[in-house]
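Notes follow once the structure below has been shown.
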2 protein chains.
Amino acid sequence: MWRIGQLARMVGVSGRTLRHYDKIGLLAPAAVDHSTGYRWYGVAELSRLERIRGLQRLGLPLRQIADLLDAPEAQLRQALAEIVTGIKRDIAALADTAAQAEDHLATPMSILPQQATLGPRRLRVRHVRLDHPSELATVCPAPPATLLTWLRGQPTGGFTAAVTTDRVGEHLTLPARAVVRAVVPPSTDVVRAGQDLFGWLDRHHLAITGPTMEEHLVDADGAHAVVLEVSVRTHAI
Amino acid sequence: MWRIGQLARMVGVSGRTLRHYDKIGLLAPAAVDHSTGYRWYGVAELSRLERIRGLQRLGLPLRQIADLLDAPEAQLRQALAEIVTGIKRDIAALADTAAQAEDHLATPMSILPQQATLGPRRLRVRHVRLDHPSELATVCPAPPATLLTWLRGQPTGGFTAAVTTDRVGEHLTLPARAVVRAVVPPSTDVVRAGQDLFGWLDRHHLAITGPTMEEHLVDADGAHAVVLEVSVRTHAI
DNA sequence: GTAGGACCTTGCCGTAGCGACAAAGTCAAC
DNA sequence: GTTGACTTTGTCGCTACGGCAAGGTCCTAC
């Protein structure tokens with residue numbers, strides 16, 4: 001029988017950890033001195049602790065370890081197989097994240113396009129017809145908080161734009177979809193940002209599948225910002 | 001200006017998250033209605049929030065994001081480069097873990113060898129000479145809590161064993177070293193477990209470099225357990 | 001006999017990033 | 001006026017412990 005510190009040194013954990021395992025019911029001491037409260041551990045506890053640490057190093061949470069310790073071996077093997085697949089999934093996700101970070105390092109930093117999945121959005125819109133995008137400003141009054149959604153160009157000699165309004169107008173529901181969004185930072189040319197966005201989409205082999213939106217956001221103070229948003233297929237990035 | 005739920009839906013986060021960002025000082029609303037407490041967000045906050053989410057998806061903690069948002073771009077690039085290397089390290093660690101788990105699946109489950117780094121250990125020992133390992137039992141009295149360390153066989157016709165004792169005996173300090181330990185579970189043949197251990201070392205291309213120890217642990221109740229421990233080089237597993 | 005030092009106990013706070021409630025106030029529509 | 005969607009603050013919960021504090025225990029050295 002050993003005291004808590006001896007067992008801790010033998011296995012390479014802290015006494016604090018052993019007390020924690022005791023509290024959560026994962027590893028109880030073989031005996032507890034009634035008068036002093038000292039914990040005493042025996043060989044059975046050593047063996048159990050080694051198994052605990054072994055499973056923990058495979059990334060299993062303590063809750064699951066507690067279940068597996070007293071389970072038949074078939075269940076243990078199944079759990080191991082599951083975490084192997086889980087780890088491989090995590091590795092793929094991390095590789096993806098690293099690729100994103102490297103992409104940010106390689107990309108000119110004018111915009112930071114990001115893939116996301118948006119739920120359906122309800123808007124109140126008023127339709128307008130424009131001959132040229134430059135006329136957008138004429139239908140986009142400044143305050144308060146106006147949102148302009150430019151749905152798509154049409155080969156009818158102009159554009160059909162949907163201007164969101166505060167109160168009046170027709171309801172329009174955009175379906176849930178995968179998008180790439182880029183918020184154009186203040187003091188950045190929108191045209192340039194749009195070119196960057198399409199170049200980014202091209203490099204990532206993403207195809208545009210739905211409405212392309214250019215949201216002009218005008219603050220109550222007159223501050224102005226633009227969000228570019230394109231619907232894409234959900235290909236891996 | 002939008003209320004919290006509108007901004008949350010636009011960016012794809014929860015209102016709870018935005019309130020959290022406000023509390024930790026990461027993203028404050030543009031204005032707060034003094035009478036109702038409602039938070040109002042403008043385009044500057046939208047832009048900042050998009051950057052926050054972008055950096056967060058790269059695995060950066062919120063504390064570091066808070067620093068980077070107002071930092072020069074060079075610092076951002078450096079942070080990105082750092083997390084790329086960090087992610088690659090994590091991927092290597094995960095691949096290692098997956099290999100371990102697959103190894104456990106492939107290994108006969110009689111033992112679970114584990115690599116560890118042990119600090120120096122001080123023992124009080126009494127040296128005995130044995131003609132045959134079976135004589136170990138004669139020098140290993142049962143209670144209380146006796147630990148027998150069998151250092152190594154010698155070609156002098158017998159073994160030199162160091163039996164740890166409670167009070168008397170010479171001090172012996174084992175240096176810090178990398179080891180592979182295996183706790184032989186109760187009701188398992190020690191010889192068979194030893195064979196499994198050496199087979200495992202062989203498959204992992206590990207060489208034994210220091211004292212081989214077979215610790216016989218005897219409990220106060222007479223319960224008996226064996227820990228096999230070999231010192232190895234610190235090759236990757 | 002006692003003073004030290006190493007060890008042990010319980011307990012509470014902190015970690016990252018929110019999710020899940022709960023009780024109560026706000027706002028617009030019908 | 002009432003409903004329903006939305007907001008506020010607050011607290012607890014999650015993982016696997018680390019750190020600290022105040023106090024009790026054990027053994028050795030003088």
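Data table
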{"quantity": "Given (1) surrounded by 19 or more Cβ atoms within 10 Å (Cβ to Cβ); (2) part of a helix (DSSP H, G or I); (3) under 23 Å from the mean Cα position of the chain (by Cα), index of the condition A:LEU80 fails", "calculated": "(3)"}
{"quantity": "Residues of region B:5-18 satisfying the condition of being within 11 Å of DNA strand C (Cβ to nearest atom) and in contact with a strand residue (DSSP E or B) (Cβ under 8 Å, 6 or more places away or on another chain)", "calculated": "B:GLY12, B:LEU18"}
{"quantity": "Listing of strands (runs of 3 or more DSSP E) fully contained in region B:152-237 that carry 2 or more residues being at pLDDT 75 or above", "calculated": "B:177-184, B:208-218, B:224-232"}
{"quantity": "Qualifying positions in region A:8-64 - within 8 Å of DNA strand D (Cβ to nearest atom), surrounded by fewer than 16 Cβ atoms within 10 Å (Cβ to Cβ) and either modelled with pLDDT under 90 or within 11 Å of chain B (Cβ to nearest Cβ) (or both)", "calculated": "A:GLN56"}
{"quantity": "Number of the condition not met by A:ALA101 [criteria: (1) at pLDDT below 90; (2) within 16 Å of DNA strand D (Cβ to nearest atom)]", "calculated": "(2)"}
{"quantity": "Residue check for A:GLU102: within 7 Å of another protein chain (Cβ to nearest Cβ), out of contact with any helix residue (DSSP H, G or I) (no Cβ under 9 Å at 6 or more places or on another chain), charged (D, E, K, R) and on the phi < 0 side of the Ramachandran plot", "calculated": "no"}
{"quantity": "Total residues in region B:9-59, condition of a type in the set (A, V, I, L, M, F, W, C) and farther than 30 Å from B:ASP90 by Cβ", "calculated": "9"}
{"quantity": "Residue match in region A:71-83 (condition: at the interface with another protein chain (Cβ under 7 Å from one of its Cβ atoms) and either of a type in the set (Ser, Thr, Tyr) or under 25 Å from A:ASP22 (Cα atoms) (or both))", "calculated": "yes"}
{"quantity": "Test: B:GLY86 is buried (at least 18 other Cβ atoms within 10 Å of the Cβ) and within 11 Å of chain A (Cβ to nearest Cβ)", "calculated": "no"}
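The values are calculated or read from the model by the stated rules, or taken from the named source; none is laboratory data. Remember, it's a predicted structure, so these values are computed and weren't measured experimentally. We place every Cβ from the backbone using ideal geometry, glycine too, and count neighbours over all the protein chains shown.
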